[in-house]
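The values are calculated or read from the model by the stated rules, or taken from the named source; none is laboratory data. Bear in mind the structure is a predicted one, so any value in this text is a computation, not a measurement. Virtual Cβ from ideal backbone geometry, glycine too; neighbours counted across all protein chains shown.
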Amino acid sequence: MDVNEGSTLQLKIEMDGNPQPSADFRWPHLTGSSPINVPSVQLYPFVYSSTYTLNNIDASYCGRILQTTLKNSIGSSSVTASTNATVLLKLDMDFGLKAGKIGGAKCVEVKWNKVEAGACYVKYEVVLKSASGIDEYSNSGYNIGNMTMCSFLTFSNVTDVQLTVSFKSTSRNVTTIVSETPLNTPSPTPPGMTPRCIRFFHL
């Protein structure tokens, strides 16, 4: 079942039984969580329904399984069914996109913040562009937060990077300038300053 991120997930089941049965609902990925028992209501003779509700569902539930187990009046379990939940992600976060050149190796390193996607797959496509907007190089992957692209002929032309994040029918583009220096270049020590050693003591 598909459900929008931040909305309410509702799963209604119908079951036959006599005496009146109930249903347990459980997310197996939530380690140590106990099943939630939902009493049933009678629809017509010997047919009942139970409805499980989860408000404000977040992205970590994407691709997860909701297990439903039927229980009789003395608590014994019988049939178990599984429902896969797909949370339709908003993709509205700050990706913190940044990129820098590693000159000696002729590589461009790109980093960003990954989307929380549970067990689903979010696609990330990186396109390196020139100042005139021409695509110089591209690559893509799933559920990653960085990419390094090396040894392509137009390395020197690259000035900008575009990141396209997509999931199902939703996508979002962000761009930034590519720095001429590597991303992990340490900050230089100001003139006249000498680096000092800092000692930590356990009290």
Next on the checklist: All but one of (1) among the aliphatic types (A, V, I, L, M); (2) modelled with pLDDT under 95; (3) within 30 Å of His29 (Cβ to Cβ) hold for Leu203; state the number of the condition that does not hold.
Outcome noted: (3)
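Specify the residue that is modelled with the lowest pLDDT; the eligible residues are those in the stretch 2-16 that are buried (at least 17 other Cβ atoms within 10 Å of the Cβ) and either farther than 12 Å from Val87 by Cβ or hydroxyl-bearing (Ser, Thr, Tyr) (or both).
Residues of the stretch 2-16 buried (at least 17 other Cβ atoms within 10 Å of the Cβ): 3, 5, 9, 11, 13, 15.
Narrowing further to those that are either farther than 12 Å from Val87 by Cβ or hydroxyl-bearing (Ser, Thr, Tyr) (or both): 11, 13, 15.
On the way: Leu11: 97, Ile13: 94, Met15: 90.
For the stretch 2-16, the residue satisfying everything is Met15.
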Item to check | Verdict on Ser7 being in contact (Cβ under 8 Å) with a residue 24 or more places away in the chain, out of contact with any Pro (no Cβ under 7 Å at 6 or more places or on another chain) and farther than 13 Å from Leu66 by Cα | outcome: yes
Next on the checklist: Kindly evaluate Lys111 against the criterion of being surrounded by fewer than 16 Cβ atoms within 10 Å (Cβ to Cβ) and in the same structural domain as Ser169 (by TED's automatic domain parsing).
Outcome noted: no
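When you scan the stretch 44-51, do you find a residue that is within 31 Å of the chain's Cα centre (by Cα), in the same structural domain as Ser7 (by TED's automatic domain parsing) and surrounded by 13 or more Cβ atoms within 10 Å (Cβ to Cβ), even just one? Talk me through it step by step, then tell me what you get.
First pass over the stretch 44-51, keeping only residues within 31 Å of the chain's Cα centre (by Cα): 50-51.
From what is left, the residues that are in the same structural domain as Ser7 (by TED's automatic domain parsing) are 50-51.
Checking which are surrounded by 13 or more Cβ atoms within 10 Å (Cβ to Cβ) leaves us with 50-51.
Yes, because at least one residue in the stretch 44-51 is within 31 Å of the chain's Cα centre (by Cα), in the same structural domain as Ser7 (by TED's automatic domain parsing) and surrounded by 13 or more Cβ atoms within 10 Å (Cβ to Cβ).
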